[in-house]
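Working notes for the structure below.
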Amino acid sequence: MSSKSEARTGLAYGFAAFGMWGFLPLYWALLNDSPPGEVLAHRMVWSLPTALVILLLVGRWSWIRPLLRDPRKLAMTALSAVLISVNWYIFIWAVSADRVLEASLGYFINPLITIAIGVLLLRERLRSLQWVAVGVGASAVAVMTFAYGQVPWVSLALSFSFAGYGLMKKRTGLDGVEGFSADSVLQFLPAMGYLGWLAVRGESGFLAEGTAHAGLLALSGLATALPLIAFGAATMRVPLSTVGMLQYLGPALMFVLGLTVFHEEMPPARLAGFLLVWLALVILTFDALRNARRSRVELRARAARLVPDTAAGTTTGAAAGAAEDPAAPTVASAGAITQPDR
């Protein structure tokens, strides 16, 4: 397959992944007859068989034994499972409580929160435009606090839990399918125990709401896995900077759904907060693209200096040093932010 065809296929997968994530509120809205906690438990329970089928299809089992032998990595995996569970619950609850706009805001500000975590926990240095973007984002949170009459905790909780989840995945080194599978194993028993408790109390809505409702609950694992699979396929075919820009498609679709399908209000003060967030994202994206372009120019310049020494059969010392420099800038370091499963 040619590089152009690969890129087109990658873009198609990227649009599919973030499009499915953007339309997920419609799916969870169909399950409003069940409490958010029960929907979450079914999502966890049905994710495990989905993950097992995926692993059987791709034949990827080699990561399991090293994970089980590393207590530190296993602990971080457990923490990531907790963080994504919190994220899922708040998102499902937000849909049932007609707060889709606030949920979309959370995923809009997620790149800014990710940057803040990088500064505070990883001691990363920000470029000047990134500082400007973070400042504008902080102003947006202040404006939204005024608009809502309280701190937009739904947005912040979604963003912090998702950014923390991404940080744990970065530390464990598990990719999308592996991370999803590990989370599913850790989530299964607590979720199954909760569903059993509901059944004993006569409060389970799995069969009480009809076969269609039960079918939707059972398919929640697939609804979780499909965008993840498409996301993984996209990241293998297009630059991370492109994936970073595509990630805004999801919350943009949620925003449109909040206005047109869920008919949520958008007073001027709230709109001002969203506009500030979008301005911050424009600054952040511009900075990422500029830095990526600069990195490519530097890499080409280094490659041009790799002049072979025909007499010795080696490169010059300066050129060799440039070739082996592990700190050489890459597109991935340009500020593109990937998005794990939601």
Computed over the Cα atoms, what is the radius of gyration of region 183-232 divided by 2.2 N^0.38 Å, N being its residue count?
-> 1.36
Using label points projected 7 Å from each Cα along Cα→Cβ, tell me how many nm separate ASP70 and ASP33, to one decimal.
-> 4.5
What nm value, rounded to one decimal, do you get for the distance between PHE23 and ARG8 when each label is placed 7 Å out toward the C-beta?
-> 2.2
At a probe radius of 1.4 Å, what is the per-residue accessible area of LEU207, in Å² to the nearest 10?
-> 130
Per residue, how much accessible area does the chain have with a 1.4 Å probe, in Å²?
-> 48
Translational D (Stokes-Einstein, µm²/s) of region 31-82 at 20 °C and 1.002 mPa s when Rh comes from the Kirkwood sum over C-alpha pairs?
-> 162
Given that compact globular proteins tend to follow 2.2 N^0.38 Å, what is the ratio of the alpha-carbon Rg of region 1-140 to that value?
-> 1.32
Might you report the magnitude of the Cβ-based charge dipole of the chain about its Cα centre, with Lys and Arg at +1 and Asp and Glu at -1, to the nearest 20 debye?
-> 1120
Assign one of three labels to region 77-214, namely rounded, prolate or oblate, based on the Cα gyration tensor with a ≥ b ≥ c the square roots of its eigenvalues; rounded applies when a/c is under 1.5, prolate when it is not and a/b is larger than b/c, and oblate otherwise.
-> oblate
Counting only protein heavy atoms and using a 1.4 Å probe, what share of the accessible area of region 221-260 belongs to carbon plus sulfur, as a whole percent?
-> 79
Could you work out the helix-only [θ] at 222 nm for the chain, with each DSSP H run of four or more residues adding -39,500 (n - 2.57) and the total divided by the number of residues, to the nearest 500 deg cm²/dmol?
-> -25000 deg cm²/dmol
Can you work out D for the chain in µm² s⁻¹ from Stokes-Einstein, where Rh is the Kirkwood radius over C-alpha pairs, the temperature is 20 °C and the viscosity is 1.002 mPa s?
-> 98
In µm²/s, what is D for region 224-267 at 20 °C and 1.002 mPa s, where D = kT/(6 pi eta Rh) by Stokes-Einstein and Rh is the Kirkwood radius from Cα pairs?
-> 176
Portion, in percent, of the accessible area of region 5-123 that falls on carbon or sulfur, probe 1.4 Å = 68
What does the convex hull of the Cα atoms come to per residue for region 171-257, in Å³?
-> 142
The extension gain from LEU129 to LEU219, computed as 0.36 nm times the residue separation minus the Cα-Cα distance, is 28.1 nm
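The values are calculated or read from the model by the stated rules, or taken from the named source; none is laboratory data. Because the structure is predicted, anything quoted here is derived from the model rather than measured. Note that each Cβ is placed from the backbone with ideal geometry, even for glycine, and that neighbours are counted across all protein chains shown. Surface areas here come from the heavy atoms of the whole protein model, side chains and all, with no ligands, DNA or RNA. Shrake-Rupley method; radii C 1.70, N 1.55, O 1.52, S 1.80 Å.
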